[in-house]
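Trainee: Pasting a structure here, questions to come.
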Amino acid sequence: MRSALAAIVCLTLSASLSCAANASPNPQPVPTQAPATQPVRQPAPPQTLPQAPASTPAPSPGPRVRLVATGGTISNRAGGRLTAEELIKAIPDLPRYATPEFEQFANTSSSAMTMEQWLNLAQRINELFRTNAALAGVVVTSGTDTLEELAYFLNLTVRDARPVAVVGSMRNPSTLGYEGAANLLEGFRVAADPASRGRGVMVVLNDEINAAREVTKTDALRLHTFQTRGYGLLGVIDRDRVVYYRRVERRHTADSEFDVAAMTALPRVDVLLTYQGANGDLIQAAVDAGAQGIVIATAGAGAMSGTQGEGVRYATSKGVPVVMTTRTGSGRIAGGGRGSTIAGEDLAPIKARILLMVALAQTKDLSELRRIFSEY
């Protein structure tokens, strides 16, 4: 048994020595698998704090324009008149064009306004301009019945180059098709526009700008009633801008000599019409009733009828000046005046009355009155 075990050990030892002898003297290392190539990682960009969005600057305020409301159809709502503040609030687009201010001067029909109120209104607008250098312009609301008269009065008595736009409407706020808000917005656009400076008082309705001196209400009901016969518009208000085409050459506003700051009343001036068989007794009656001036709306280019000539002579003998105008609606009375009369030039009779009232407040000299009518 021991001999058998010894033989097995001997055989095992011999096999091991034989394997070692047959092995390579410089054994190669067993190759190992290279690790998988990793992608090169780029360095992360430096982290920045999120930027706050740039703040949108508030729109710069538009030109300051002040509404001086006097009433009229534009505010005559059923159940109660609109105030100046309510008129402003009805125009949401207004801040795009102007920085609005407002005050309530009156709230009545234009035909109910008194001459004293006219004086007070002119004095108020002059005060606004005198005490507010940054004020770009003024808008005045008025009834349309006598709007052209009020506008011309302001044209003579507001002594500043900044614009005054007089606006109104033919339909009241309770009527379908009310155009008052649109007209008021256009008035603000005109008053805020630098191009309006030096053009005098303007009447603004229905996208159109007319000169206070020349415009006339031509229709009792239609919207397109304010027109300038013979001379045409001053300009228009379009969607993109206010456009002007001409200027008024006669003296007005900043170039006016009429100072009403201390006035409390205006001289009485009456208007009489020439018609077939007209009697001079009416002229005499006006003088006897206290008229300090007479305007005659003559036929054609200065013709009178009946005994009107006698009435004119009576008036002038009493020192009452007589201004000759035409009832035709356009055209001019030429020659400066015949005898002791004054040529009203191309002024409508109702506007010649206004100029004569303002002129008589400072002079009764015939030659001076003729000069005034030739310049204004």
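Trainee: Could we say that Gly331 is crowded, with 20+ Cβ neighbours inside 10 Å and not assigned by TED's automatic domain parsing to the domain that holds Met113 here? Step through it out loud before you land on a result.
Mentor: Details: crowded, with 20+ Cβ neighbours inside 10 Å: no; not assigned by TED's automatic domain parsing to the domain that holds Met113: yes.
Judged against the criteria, Gly331 is not a match.
Trainee: So if I check each of Ala291, Ala286, which one is under 18 Å from Val320 (Cα atoms), touching a strand residue (DSSP E or B) at 6+ places or on another chain (Cβ under 8 Å) and not in a loop (DSSP other than H, G, I, E, B)?
Mentor: Matching residue, one of Ala291, Ala286: Ala286.
So that you can scan it fast, the table gives a plain yes or no per residue for (1) touching a Ser or Thr at 6+ places or on another chain (Cβ under 9 Å); (2) over 25 Å from Leu87 (Cα atoms); (3) assigned to a loop (DSSP other than H, G, I, E, B):
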| residue | (1), (2), (3) |
| --- | --- |
| Gly177 | no, no, yes |
| Gly187 | yes, no, no |
| Ala191 | no, no, no |
| His224 | yes, no, yes |
| Val236 | no, no, no |
| Asp240 | no, no, yes |
| Leu272 | no, yes, no |
| Leu282 | no, yes, no |
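Trainee: Just wondering, is there one or more residues in the stretch 236-247 that are under 30 Å from Glu116 (Cβ atoms) and in the same structural domain as Arg124 (by TED's automatic domain parsing)?
Mentor: No: zero hits.
Trainee: Working only within the stretch 286-335, note down all residues that are touching an Asp or Glu at 6+ places or on another chain (Cβ under 9 Å), touching a residue at least 40 places away in the same chain (Cβ under 8 Å) and aliphatic (A, V, I, L, M).
Mentor: Answer for the stretch 286-335, where residues must be touching an Asp or Glu at 6+ places or on another chain (Cβ under 9 Å), touching a residue at least 40 places away in the same chain (Cβ under 8 Å) and aliphatic (A, V, I, L, M): just Val295.
Trainee: Among the residues of the stretch 223-245, write down those that are loosely packed, with under 15 Cβ neighbours inside 10 Å and either among the hydrophobic types (A, V, I, L, M, F, W, C) or in contact with a Leu (Cβ under 6 Å, 6 or more places away or on another chain) (or both).
Mentor: Here is the first cut: in the stretch 223-245, the ones loosely packed, with under 15 Cβ neighbours inside 10 Å are 223-224, 230, 232, 238-241, 243, 245.
Result: Leu223, Val243.
Trainee: Which condition from (1) assigned to a loop (DSSP other than H, G, I, E, B); (2) under 18 Å from Arg66 (Cα atoms) is the one that Val140 breaks?
Mentor: Answer for Val140: the failing condition is (1).
Trainee: Report whether or not Met202 is over 17 Å from the mean Cα position of the chain (by Cα) and either assigned by TED's automatic domain parsing to the domain that holds Val243 or over 26 Å from Asp255 (Cβ atoms) (or both).
Mentor: So Met202 does not fit the description; no.
The values are calculated or read from the model by the stated rules, or taken from the named source; none is laboratory data. Note that the structure is predicted; figures quoted are calculated from it, not measured. Neighbour counts are summed over all protein chains in view; Cβ atoms, including those assigned to glycine, are modelled from backbone coordinates with ideal geometry.
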